[in-house]
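Inspection log for the structure reproduced underneath, given as structure tokens.
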Amino acid sequence: MNYRLLKQEIKDHADSLGIDKIGFTTADVFTEMKNHLIRQEQLDYQSGFEEKDINKRVDPSLIFSEPRSIIAIALAYPSKMKDSPRSVKGERRGIFARASWGTDYHEVLRDRLNKLEAFIKERVPEARFRSMVDTGELVDRAVAERAGIGWSAKNCAVITPEFGSYVYLGEMITNLPFEPDEPMNDQCGSCNKCVDVCPTGALVQGGQLDAKKCIAFLTQTKGFLPEQYRSKIGNRIYGCDTCQTVCPKNKGKDFHFHLEMEPDPEIAKPLLEPLLTISNRDFKETYGHVSGSWRGKKPIQRNAIIALAHFKEESALPSLISVMQEDVRPVIRGTAAWAVGKIGGEEAHQALLAFKDQEEDEEVLIEIQKGLSFLNN
């Protein structure tokens, strides 16, 4: 088998398989990434969502028998929403980050990787593969960088010259010995915009992220959101795009190649108040197909409550008071109490005082006291 010719054939047919960019690299250990991950662990900068075994994250031979090379793919996603609804007084809206627009990208990339596997298998029946997207062991960014898809940027994303950082990444380990592509040189230069404007200072420095401070991570947690971050998330109910939207390399980048990635404006930018009482069934039916639903409705509801407080949306007070009094989940009751105090007014004051007498959960009582303290200032 002439693998050089096969590689060229794969590159020539990538577009017809629904793949926007493809690159090849060795199955060698990602030594530089290993050092980076060890450092991240020492600094306690990991989110906790990652594969725990660092060696598996950087050594393809630990997760695939006799790997010879890795194929990396990238799919461009939209950065602009057509017919975006406005968030106005009385009808406030939240926002899902772009990575949660359209169908869950894990499904879309798995579909493309399956098509790529089938394409190669037709030509090399003995070919073996291990494909993964985001939730696999390997670090997508490290694979994509070494395969020449783009460079690893200061915002901790991979930036491609063609599509900016608005790309989803996936990879495929194989037993076929493809010749590696050249990695791309860093093109961030002296620009430090993403680091400078990160709302929570999660970008400690270019290329280093304290994941526990990152809004994208914080919006996915299920407990009480630490108060120092509540004013930072604004109306974001899932994810954060700030470090992408400020990047000069993303200016003018907006691609609509894949129908599955097109956002439904009412889902990507939903009304906040209806989220407060949405049932599990309705949540799954409405939002279950987007990646932002993977942690269930609780984080989304908590974030929606914080967003209503951010807007100081007085019309939402009756709903928030009802949630505060009736929801069985302490995190939701407590966050609602905090929000009621944040919005303020006599109705809020009386509701918090009454609620304080009936609440028994200690954490919720702390949030009630925070709410009352806003009213006493």
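Just a few scattered comments:
- Where residue 94 falls short, out of the listed (1) modelled with pLDDT of 95 or more; (2) of a type in the set (Gly, Ala, Ser); (3) within 22 Å of the chain's Cα centre (by Cα); (4) closer than 29 Å to residue 55 by Cα: (4)
- Members of segment 235-246 found to be in a loop (DSSP other than H, G, I, E, B) and either touching a strand residue (DSSP E or B) at 6+ places or on another chain (Cβ under 7 Å) or surrounded by fewer than 18 Cβ atoms within 10 Å (Cβ to Cβ) (or both), listed by number: 235, 239, 246
Residues checked against (1) within 23 Å of the chain's Cα centre (by Cα); (2) under 24 Å from residue 85 (Cα atoms); (3) acidic (Asp, Glu):
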{"residue": "264", "(1), (2), (3)": "yes, yes, yes"}
{"residue": "283", "(1), (2), (3)": "yes, yes, no"}
{"residue": "301", "(1), (2), (3)": "yes, yes, no"}
{"residue": "324", "(1), (2), (3)": "no, no, no"}
{"residue": "328", "(1), (2), (3)": "no, no, no"}
{"residue": "345", "(1), (2), (3)": "no, no, no"}
{"residue": "361", "(1), (2), (3)": "no, no, yes"}
{"residue": "376", "(1), (2), (3)": "no, no, no"}
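- For segment 181-215, the candidate set comprises residues that are in contact with a helix residue (DSSP H, G or I) (Cβ under 8 Å, 6 or more places away or on another chain) and closer than 15 Å to residue 21 by Cα; within that set, the residue that is surrounded by the fewest Cβ atoms within 10 Å (Cβ to Cβ) is 183.
- Pairs with Cβ under 8 Å, 6+ apart, first in segment 135-160 and more than 18 Å from residue 55 (Cβ to Cβ) and without any contact (Cβ under 8 Å) to a residue 40 or more places away in the chain, second in a strand (DSSP E or B) and of a type outside the set (Ser, Thr, Tyr): 145/151; 145/158; 151/158; 151/159
- Scope segment 33-53; condition charged (D, E, K, R) and within 16 Å of the chain's Cα centre (by Cα); matching residues: 50
- Applying the condition of being in contact (Cβ under 8 Å) with a residue 24 or more places away in the chain and of a type in the set (S, T, N, Q) to segment 41-64 and asking which residue is surrounded by the fewest Cβ atoms within 10 Å (Cβ to Cβ) yields 61.
- Residue in segment 338-353 that is at pLDDT 95 or above, surrounded by 16 or more Cβ atoms within 10 Å (Cβ to Cβ), acidic (Asp, Glu) and out of contact with any His (no Cβ under 9 Å at 6 or more places or on another chain) present: no
- Taken together, 247, 240 contain a single residue that is out of contact with any Asp or Glu (no Cβ under 7 Å at 6 or more places or on another chain), within 19 Å of residue 84 (Cβ to Cβ) and in contact (Cβ under 8 Å) with a residue 12 or more places away in the chain, which is 240.
- Count of segment 278-292 residues which are out of contact with any helix residue (DSSP H, G or I) (no Cβ under 7 Å at 6 or more places or on another chain) and touching a residue at least 12 places away in the same chain (Cβ under 8 Å): 1
- Within segment 245-275, being touching a Leu at 6+ places or on another chain (Cβ under 7 Å) and either within 16 Å of residue 222 (Cα to Cα) or among the hydrophobic types (A, V, I, L, M, F, W, C) (or both) holds for one residue alone: 272.
- Hits in segment 267-307 (condition: of a type outside the set (Phe, Trp, Tyr), surrounded by fewer than 20 Cβ atoms within 10 Å (Cβ to Cβ) and part of a loop (DSSP other than H, G, I, E, B)): 278, 279, 288, 289, 295, 296
- Test: residue in segment 73-84 that is modelled with pLDDT of 95 or more, outside any loop (DSSP other than H, G, I, E, B), among the aromatic types (Phe, Trp, Tyr) and touching a Phe, Trp or Tyr at 6+ places or on another chain (Cβ under 6 Å): no
- On inspection, residue 162 fails the criterion of being more than 30 Å from residue 231 (Cβ to Cβ), out of contact with any strand residue (DSSP E or B) (no Cβ under 8 Å at 6 or more places or on another chain), part of a loop (DSSP other than H, G, I, E, B) and of a type outside the set (A, V, I, L, M).
- Within segment 97-126, the set of residues being among the basic types (Lys, Arg) and within 15 Å of the chain's Cα centre (by Cα) comprises just one member, 98.
- Search result, residues across segment 25-50 that are in a loop (DSSP other than H, G, I, E, B) and at pLDDT 95 or above: 27, 28, 29, 30
- The set of residues in segment 200-234 being assigned to a loop (DSSP other than H, G, I, E, B) and of a type in the set (Val, Ile, Thr) consists of 200, 219, 221, 233.
- Residues in segment 169-184 include none that are within 20 Å of residue 214 (Cβ to Cβ), hydrophobic (A, V, I, L, M, F, W, C), modelled with pLDDT of 95 or more and in a loop (DSSP other than H, G, I, E, B).
- Scanning segment 87-110 for residues that are touching a helix residue (DSSP H, G or I) at 6+ places or on another chain (Cβ under 7 Å) and hydroxyl-bearing (Ser, Thr, Tyr) yields 100, 103, 105.
The values are calculated or read from the model by the stated rules, or taken from the named source; none is laboratory data. Just so it is clear, the model here is predicted, and its values are computed rather than measured. Neighbour counts run over all protein chains shown; Cβ positions are idealised from the backbone, glycine included.
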